[in-house]
Amino acid sequence: MEVTSDFKELTMQYEQQGLLSHITRKVSADSEMMAVMKKTKGQIPLLFHQVDGYPCKVVTGLGGSRKLLAQSMGITEDKLRKHLAAAIAHPIPVTHVAEGKCQQEVHMAPFSLEDYFPVLRHYEKDNGKFIISGMMVAKSIDGSKYYTSIRRMWYKGKNQMTVLITSREMQEQFAYYEARKEPMEIAVMFGLVPAVVLGSQISTHLYNADKLEVSGALLSKSLETVKCKTIDLEVLSDAQVVLEGKVYPWKKEKEGPFGEMAYYYGEVKELPLCEFSCITMQKNPLWHTFFPSGCEEKLPMAISREVNLFNTIQMTVPGVKNVHLTMGGAGRYHAVVQIKKEQEGDGKQAALSAFASDKDLKYVTVVDEDVDIFDAEEVEWAITTRTQAASDIFIIPAALGSPLEASHHLKNTTDKMGIDATKPIGDKRFERTHVIGEEKIDLKEYIEERRDSRWHLEL
C-alpha cells in the first residue's frame with residue numbers, strides 16, 4: 001500500500017485491496033448508522049453510500065485496528081510504538097502552499113451545517129446531535145505554535161456548536177481569551193488519514209512537539225498546509241472538509257449528557273459557543289466519523305500513551321519489552337506490560353512505574369516475554385497460572401485517577417491494582433509446553449477450501 005496523506009486516496013486503496021465494506025442501502029443518521037457501527041466496534045472500514053437526508057458519503061473505521069493503522073503508514077503493527085517515538089524525536093516541518101484541495105469549494109455564512117454533512121445522534125440519551133471526529137486547530141497566544149486535537153462538538157443549530165476543551169494548554173488559552181472578552185479563532189478539519197489522528201494524540205506539554213510535524217514524520221513526508229479564507233490559521237491541504245470560525249469563551253451553553261469513551265454517559269457541562277463563518281471542502285468530499293468508544297477513537301489515544309508508558313518503565317526496569325493499553329480498558333485504564341525479568345521484584349516495580357507514568361491507569365498487569373500481551377486469553381492464562389493473590393497482587397487505595405472513569409466519582413479518587421503475573425526466576429515448573437515447528441506453520445498451506453463436487457466427505 002502506497003503511503004498517502006489524502007483520506008480519499010487511502011479509502012480508494014482500501015477498496016482496491018478488498019478492505020472496504022460497502023453499505024449501499026439508505027440508513028438513518030439518528031439511529032441506524034450508529035447501530036451498524038457499534039456492531040463493528042469501529043474496527044472495520046465502512047463506506048455508507050446513502051445517509052438519509054444528507055448529500056455526502058460517510059467513511060469510518062480506516063484506522064480501526066493496529067494492523068490497519070500501521071498499514072496506512074507503511075509499517076507493521078509491531079512497529080507502531082517505536083514508529084511514533086521516532087516521529088516525536090524527528091518531526092518533519094510542514095510546507096505552506098498557496099492553494100489546497102480542501103478549498104476547491106467555499107461556502108460563506110449564513111448556512112446550516114446539516115445542509116452539507118451528517119450531524120449524528122450517537123446514543124439514546126444524548127442531549128442532541130454531535131460531531132466527534134473533527135480536529136481543531138488553534139494558535140498559541142503569542143502566535144508561535146499551533147495546537148491540534150480531536151474535539152467533541154454539540155450541534156446547537158445552523159452554524160453554531162459548543163466545543164469541549166480538556167487539554168491543559170487549551171484550557172489556559174481559553175481562560176486568557178475569556179478574561180479579555182475576545183473570541184478565539186479556530187478551524188476544524190475533517191477527513192484526515194489515521195497517521196494525522198495518531199499524531200494529534202501526543203502530549204504537547206510532555207514533548208513540546210508540533211503535532212502536524214509529528215504526523216508528517218509518521219508518513220515520512222512534509223504535510224502541506226494552506227491559509228484559511230476567513231481567519232488567520234493554516235490547515236491541512238488534504239483535508240476533506242474545513243470549518244472556519246471563532247469560539248466565544250464567555251458565551252456558554254449546556255452540553256450533555258453524551259456517551260463517553262467507557263460506555264457511560266457524561267455529566268451536563270457548560271461549554272463555550274463556536275460560530276462558523278466559512279466551510280471549505282474538496283469536490284465530492286467524503287465525510288469521516290468515529291464510533292464513540294470504538295477502536296478508531298481509542299487506538300490513537302492508547303498508542304500515544306504507550307510511548308510515554310514504555311519510556312517511564314524503562315527508567316527503573318530496563319528489561320521492559322513492550323506495553324499495551326487494552327481496548328477493554330478504554331485505551332487508558334488497563335496496561336499490560338511485558339518484561340524480561342532479571343530479578344525478583346521487577347514485576348511489581350514495573351507496575352509501580354506504570355502508575356507513576358499515567359494517572360489514568362487503574363490496573364497494571366505485568367507478564368513475561370513468553371506471553372503475547374495483545375492476546376487477552378494469553379494474559380488471562382498468565383494471571384491464573386502464575387499469581388497468588390496474597391503475594392502477587394497489590395492495591396493502592398484512593399489515588400489520583402481519571403474523572404472520565406465512572407467509579408472515580410464514588411470517592412473522587414481511584415483505587416489502583418497491580419498484578420505481577422511473572423513466573424519465579426529459574427523455576428522449571430513454569431516452563432511452557434512447546435510443539436516443534438509451531439512457529440513456522442501457516443494453516444493456509446494445510447487447510448484448503450474445496451468448492452467443487454469432486455471433494456466430499458464420505459461417512
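The values are calculated or read from the model by the stated rules, or taken from the named source; none is laboratory data. Keep in mind the model is a prediction, meaning the values are calculated, not measured. Positions of Cβ are backbone-derived with ideal geometry, glycine not excepted, and every protein chain shown enters the neighbour counts.
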Handout entry: region 202-217 - residue that is in contact with a Leu (Cβ under 9 Å, 6 or more places away or on another chain) and under 15 Å from N308 (Cβ atoms) and, of those, surrounded by the fewest Cβ atoms within 10 Å (Cβ to Cβ)
Key = I202
Problem - Among the residues listed as F117, F174, the single one being in contact (Cβ under 8 Å) with a residue 24 or more places away in the chain, in contact with a strand residue (DSSP E or B) (Cβ under 9 Å, 6 or more places away or on another chain) and in a loop (DSSP other than H, G, I, E, B) - result: F117
Practice task
Could you figure out which of (1) in a helix (DSSP H, G or I); (2) under 22 Å from the mean Cα position of the chain (by Cα); (3) within 12 Å of L271 (Cβ to Cβ) isn't true of W154?
Solution key: (1)
Problem - Search result, residues across region 217-256 that are assigned to a loop (DSSP other than H, G, I, E, B), over 18 Å from I165 (Cβ atoms) and either within 24 Å of the chain's Cα centre (by Cα) or not assigned by TED's automatic domain parsing to the domain that holds T148 (or both) - result: S220, K221, S222, L223, S237, D238, A239, Q240
Practice task
Answer yes if at least one residue in region 352-370 is closer than 25 Å to V307 by Cα and without any contact (Cβ under 8 Å) to a residue 24 or more places away in the chain, and no otherwise.
Solution key: no
Problem - Failed condition for K8, given (1) of a type in the set (K, R); (2) surrounded by 15 or more Cβ atoms within 10 Å (Cβ to Cβ); (3) touching a helix residue (DSSP H, G or I) at 6+ places or on another chain (Cβ under 6 Å) - result: (3)
Handout entry: Single unsatisfied condition, G143 versus (1) assigned to a loop (DSSP other than H, G, I, E, B); (2) in contact with a strand residue (DSSP E or B) (Cβ under 7 Å, 6 or more places away or on another chain); (3) modelled with pLDDT under 90
Key = (2)
Handout entry: Residue in region 236-247 that is within 30 Å of E270 (Cβ to Cβ), buried (at least 22 other Cβ atoms within 10 Å of the Cβ) and among the acidic types (D, E) present
Key = yes
Handout entry: Spans of strands (runs of 3 or more DSSP E) in region 274-378 with at least 1 residues buried (at least 20 other Cβ atoms within 10 Å of the Cβ), small (G, A, S) and not assigned by TED's automatic domain parsing to the domain that holds H205
Key = 334-339
Problem - Flag if M34 is surrounded by 19 or more Cβ atoms within 10 Å (Cβ to Cβ) and either within 22 Å of F258 (Cβ to Cβ) or touching a strand residue (DSSP E or B) at 6+ places or on another chain (Cβ under 8 Å) (or both) - result: yes
Problem - Restricting region 104-138 to residues that are charged (D, E, K, R) and touching a Lys or Arg at 6+ places or on another chain (Cβ under 7 Å), the residue that is surrounded by the fewest Cβ atoms within 10 Å (Cβ to Cβ) - result: E105
